[in-house]
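K.L.:
Have a look at the structure that comes next, please.
The values are calculated or read from the model by the stated rules, or taken from the named source; none is laboratory data. Note that this is a predicted model, so its numbers are computed, not measured. Here Cβ is always computed from backbone atoms with ideal geometry, including for glycine, and neighbour counts include all displayed protein chains.
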Amino acid sequence: MQLTHRIEKAEDWDIVRFSGDIDEEAEIVLSSLPSQLSGQCIFDLKDIQSVNSCGVRAWINFMRAAEKNSKLIFEGCTPEIVSQINMIPNFKGDAHVRSVYASYVCDSCDTQKLELFEEGKNLPKEVGEELAEVNCPSCNEVMEMEELEDEFFGWLEAS
Ligand SMILES: [Zn+2]
């Protein structure tokens, strides 16, 4: 699905809601976007479906341009985006990450779910901090994070 975005105004901030794929076609959308951004923007990334390597290049170029004039916050980073942030620090540049989704799986019944970690609530302040238990919505057993916790939150060290 082609990358799209819509901009909503919220007090002093612009909320840019992205959806679709960050792939080779994303550049067309991303190249015209920096000129539309105000000084403070929240990027809502929860509806990004996938990210590929061509898309990453376009995204990094976009971030370089966007950061020149705007303070940026990332919200709702999907597990795939978190893994990009961990592998490629330029993916988020100087943006502040306010919330991320982690995938959890239940060993007892194989149920999967995404758990939202939000700053000021359950998002750890540093790597290694103990996380609250996540219970399975089907059988109530304690679920396991699919990624290694310390690796998943590795980006906290750098920010
Ligand atoms: Zn379960």
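K.L.:
Given E151, E133, E126, E147, which one is under 25 Å from N52 (Cβ atoms) and either of a type in the set (S, T, Y) or in a loop (DSSP other than H, G, I, E, B) (or both)? Break it down into steps so the answer makes sense when it comes.
P.N.:
On the way: E151 fails: either of a type in the set (S, T, Y) or in a loop (DSSP other than H, G, I, E, B) (or both); E133 fails: under 25 Å from N52 (Cβ atoms); E126 fails: under 25 Å from N52 (Cβ atoms).
None of the others qualify; the one that does is E147.
K.L.:
Scan region 92-103 and give yes if some residue there is under 19 Å from L45 (Cα atoms), within 16 Å of the ligand (Cβ to nearest atom) and of a type in the set (D, E, K, R), otherwise no. Walk me through it before giving the result.
P.N.:
Step one: of region 92-103, the residues under 19 Å from L45 (Cα atoms) are 92-103.
If we keep only those that are within 16 Å of the ligand (Cβ to nearest atom) too, we end up with 103.
Of the ones still in play, those that are also of a type in the set (D, E, K, R) are none.
Within region 92-103, not a single residue is under 19 Å from L45 (Cα atoms), within 16 Å of the ligand (Cβ to nearest atom) and of a type in the set (D, E, K, R).
K.L.:
Another question about this same structure. List the number of the failed condition for K125; all other conditions in (1) more than 16 Å from the ligand (Cβ to nearest atom); (2) surrounded by 14 or more Cβ atoms within 10 Å (Cβ to Cβ) hold.
P.N.:
(2)
K.L.:
What is the residue count in region 10-26 for residues that are outside any strand (DSSP E or B) and either closer than 15 Å to I60 by Cβ or within 18 Å of the chain's Cα centre (by Cα) (or both)? Steps first, answer last, please.
P.N.:
Going residue by residue through region 10-26, those that are outside any strand (DSSP E or B) are 11-12, 23-26.
Narrowing further to those that are either closer than 15 Å to I60 by Cβ or within 18 Å of the chain's Cα centre (by Cα) (or both): 23-24, 26.
Number satisfying all stated conditions: 3.
K.L.:
Which numbered condition trips up S38, out of (1) under 25 Å from E147 (Cβ atoms); (2) in contact with a Phe, Trp or Tyr (Cβ under 9 Å, 6 or more places away or on another chain); (3) modelled with pLDDT under 95?
P.N.:
(1)
K.L.:
Hey, another quick one. Select, from L156, L72, the only residue that is in a helix (DSSP H, G or I) and either away from the ligand (no atom under 16 Å from the Cβ) or farther than 19 Å from D47 by Cα (or both).
P.N.:
Among L156, L72, only L156 is in a helix (DSSP H, G or I) and either away from the ligand (no atom under 16 Å from the Cβ) or farther than 19 Å from D47 by Cα (or both).
K.L.:
So E24 passes all but one of these: (1) of a type in the set (D, E); (2) in contact (Cβ under 8 Å) with a residue 12 or more places away in the chain; (3) under 23 Å from L116 (Cα atoms). Which condition number does it fail?
P.N.:
(3)
K.L.:
Based on what the data block shows, is F91 over 21 Å from I7 (Cα atoms) and aromatic (F, W, Y)? Steps first, please.
P.N.:
On the way: over 21 Å from I7 (Cα atoms): no; aromatic (F, W, Y): yes.
No.
K.L.:
In addition: Out of region 123-159, which residues are within 20 Å of T111 (Cβ to Cβ) and touching a residue at least 24 places away in the same chain (Cβ under 8 Å)? If you could, list the steps in order and put the result at the bottom.
P.N.:
From region 123-159, those within 20 Å of T111 (Cβ to Cβ) are 131-147, 149, 152; that's our starting set.
V134, C136, P137, S138, C139, E141, M143, E144, M145, E146, E147, F152 - these are the residues of region 123-159 that are within 20 Å of T111 (Cβ to Cβ) and touching a residue at least 24 places away in the same chain (Cβ under 8 Å).
K.L.:
Does region 51-68 contain at least one residue that is part of a strand (DSSP E or B) and at pLDDT 95 or above?
P.N.:
yes
K.L.:
Quick test of your reading of the structure: K113 fulfils all but one of (1) in a loop (DSSP other than H, G, I, E, B); (2) within 16 Å of the ligand (Cβ to nearest atom); (3) within 22 Å of D47 (Cβ to Cβ); (4) of a type in the set (D, E, K, R). Name the failing condition by number.
P.N.:
(1)
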